[in-house]
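Structure, as structure tokens:
The values are calculated or read from the model by the stated rules, or taken from the named source; none is laboratory data. Computed from a prediction, not measured in an experiment: that's the story for all the values here. For neighbour counting, all protein chains shown are included, and Cβ atoms are generated from backbone atoms with ideal geometry for every residue, glycine included. Quick note on the areas: whole protein, heavy atoms, side chains included, nothing else; ligands and nucleic acids left out. Shrake-Rupley method; radii C 1.70, N 1.55, O 1.52, S 1.80 Å.
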Amino acid sequence: MLFRSDYLFIALFGWGVAGAAIATGIGYSVSAVVGLVYFAVRRNGNLCLVKPVWRPNALAKISGNGASEMVMMLAGSVSTVVMNNVMMGLAGSDGVAAISIIVYVMSILSAVYYGYDYGVSALASHNFGKDDHERLRRYHSINLRVTIIAGACILGASLIASQSLTGFFARPGTDVFDLAVQGFGICSFAFLVMGGSHRSEERRVGKECRS
């Protein structure tokens, strides 16, 4: 929904950065309101909102377990603020709009990694629980090849289709379009190493299996 709202407010209505901000607000608000309404209605046997109970031990365990996700979200937020401030100083609002387009397009293309990662994680977890180290080592080898090949293929496709992909968010011939195409040609090389986090996890499992 967020992508469609961005296209509607930026490309069709021509609202620029203000349109992107409105689209982002609508996208997050709709999911928040729907979730709040759903959980506010009490259902037998289902999750719902109830009167909170103070449980310090449970809160401490939850906070410790979610610390990594908190750091990840904070890092993303801080990086976004810094990136937007830098682009605002270098190219003004057109630069901020261009980098937003690049991030959106790269998020769509990187879905290949996320889909593969989620699928393989179930296999890895199952065989790790069975102590099937031989099969885990085989998965590790296959995953290395798949992520390298996928990165090269996505890089080639993104370079070839950079103008077409950018055209979904900005009109060709505009400053925003030209900045986004140029920047996307540079940022797309990140696809070659985007599977690195997945490969690092596989290496860790591989070391545990050999020990």
Between residues in the range 156-183 that are more than 14 Å from residue 12 (Cα to Cα) and residues that are part of a helix (DSSP H, G or I) and open to solvent by 70 Å² or more (accessible area, probe 1.4 Å), which pairs lie under 6 Å by C-beta distance while being six or more apart or on different chains? 181/163
Residues located in the range 92-122, provided they are open to solvent by 50 Å² or more (accessible area, probe 1.4 Å) and over 22 Å from the mean Cα position of the chain (by Cα): 93, 94
Condition first: of a type outside the set (D, E, K, R) and not in a helix (DSSP H, G or I). Can you find one or more residues in the range 101-117 that meet it? yes
Just checking, how many residues over the range 43-91 are in a loop (DSSP other than H, G, I, E, B) and surrounded by 10 or more Cβ atoms within 10 Å (Cβ to Cβ)? 4
Just to be sure, is residue 33 under 19 Å from the mean Cα position of the chain (by Cα) and either surrounded by 10 or more Cβ atoms within 10 Å (Cβ to Cβ) or not in a loop (DSSP other than H, G, I, E, B) (or both)? no
For the range 131-187, give me the residue count where each residue is of a type in the set (Gly, Ala, Ser) and closer than 17 Å to residue 93 by Cα. 4
Can you pull out the residues in the range 169-190 that are open to solvent by 70 Å² or more (accessible area, probe 1.4 Å) and more than 19 Å from the chain's Cα centre (by Cα)? 171, 172, 175, 178, 182
